[in-house]
Each structure stands twice: as C-alpha cells, then as structure tokens.
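The values are calculated or read from the model by the stated rules, or taken from the named source; none is laboratory data. Please read these numbers as outputs of a predicted model, since none were measured by experiment. Backbone-built Cβ (ideal geometry, glycine too); neighbour counts: all protein chains shown. Remember, those area values only see protein heavy atoms, side chains included, never the ligands or the DNA or RNA. Shrake-Rupley method; radii C 1.70, N 1.55, O 1.52, S 1.80 Å.
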Amino acid sequence: MNRSQQRIPRLRSRGRANRDRLLHCAEELLAQNNGAPLRFSDVFETADVSRGSAYRIYDGIDDLMQDLATEWVNNFVTFLADVRPSSPPRTWMELSDFIIERGADYWAQTANTLRVMPRIRSGAPESYRTAVAELSGCLSRLYARYFQIPDVPDWHIKLAFCTQLCDIVFSDAVRSDGAISRRRLEEAQALCRTYLRFHLPDALPRRIRTRRRTPRTQPLR
C-alpha cells in the first residue's frame, strides 16, 4: 500500500479536498499533454495546493499516479457490476466478447488511462493489485451469473491475465491510432477467447434463472 493510501483515512476534510483536486488536475494535465509524463510541481501548482500540503498526501508524482490508476480500476469495477447483456448469452465466448466490448466503451471515455497504465502497472503497488483483484472477482461473478464454471485452478488469476491482454491491446491502439478501432477490439476479443479455451470447454452448462411467482391472493369471502 502506498503512503497516500495509508494516510487517506486520516486526512481531514481539507486534506481530502486537496487530494481530489490533485487527482482531477492530474487527469486534466494528462489530457492536455496527450498522456506525457507529468511533474508533481505542475500538478500541485495547477491544483492550487501548497507544496507542503501536496507532499503530506503524496510522496511525489509516481505515488499520485498509482492512486489515480487505482481509482480508475475501482470505477471500472463499479461500471462492470451494473453491466447486463440485453439477452442471456448462449456461450461463455459470447459473454467474454460482450464484456470486452463494454470495457472498450468504458476505456474509450478515459483514453488517457490507457496511455499511462503500463507505466503504473510496472510499479504494481499493493493498492493497485488489490483493485485488480477486485476486478477479477467482479468478472468471476459475471461468468458465474450465467454459467456453471468448472473448478479451474487460479480462475481469478486467469481472468486478471485476460484483463492485462485487453489493456495491452487497447493501450497500443490509443497510443498508435488515438482510439480503439473495431479491428483492435476484435483482436482483444480473439486473444481472450483463445487464452480461455485452454482452460474452459467450448460448452458450459447454463444457469437456469427462474422468476419468482407472486402468490395470488384469494378473494375475500
């Protein structure tokens, strides 16, 4: 866990407000500079946060960027938790493609995330690893919602690897093309299907979802 994550619960309201301003300004500067590396001084000066206050929250720019990446992943988990296909998927491959397409839609709205994510992932702070673990758990629940998943060793880790595959494809697409094209989306979908086929049979038992019947009330006599 980075120092800011340890200190956040103890920050007073002003400290929390300063943290929010630092994160917001970092995102804005990333957008303006096309994802180029930032200096911590540029962030806290733009945010109108004093040097002393900024360093009480973060060790420096890497600490701030790790916190920002963690928040991005946590927001993505919240987004995925509410995702529902218009109709139940017939196969796990169909579900996988749907999840990746929704993921591409989400990351397209925050393209700067994909420009800096590889640099942040290389540090792998505990807070970021925790957020990725929560993302894997969310994905696992999505699959289990529609299919009976066999006992796959380290299932969560395999889902995390699929997430990394998508990050790599999407990051490369944003850096080289400025957007995630349909071709790059289908590339990410094909990579994840191919990888998961090593661990899942093509056909999985579907979960039968039954509606609860509302008891009919008897007319009063």
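Show me the trypsin sites (Lys or Arg not before Pro) within the range 39-87 that DSSP assigns to loop and that have at most 13 other Cβ atoms within 10 Å of their Cβ. When the trypsin sites (Lys or Arg not before Pro) of the range 39-87 are filtered for loop state and at most 13 Cβ neighbours within 10 Å, R39 remain. Using the Cβ of E71 as centre and a radius below 12 Å, the other residues enclosed give a net charge of -2, where K and R count +1 and D and E count -1. Using a probe of 1.4 Å on the protein chains alone, the accessible area found for R129 is around 130 Å². Full extension of the chain between D59 and A31 gives 7.8 nm of extra length, using 0.36 nm per residue less the Cα-Cα distance.
A cut-off under 12 angstrom between Cβ atoms defines the neighbours of S136, and their net charge, with Lys, Arg +1 and Asp, Glu -1, is +1.
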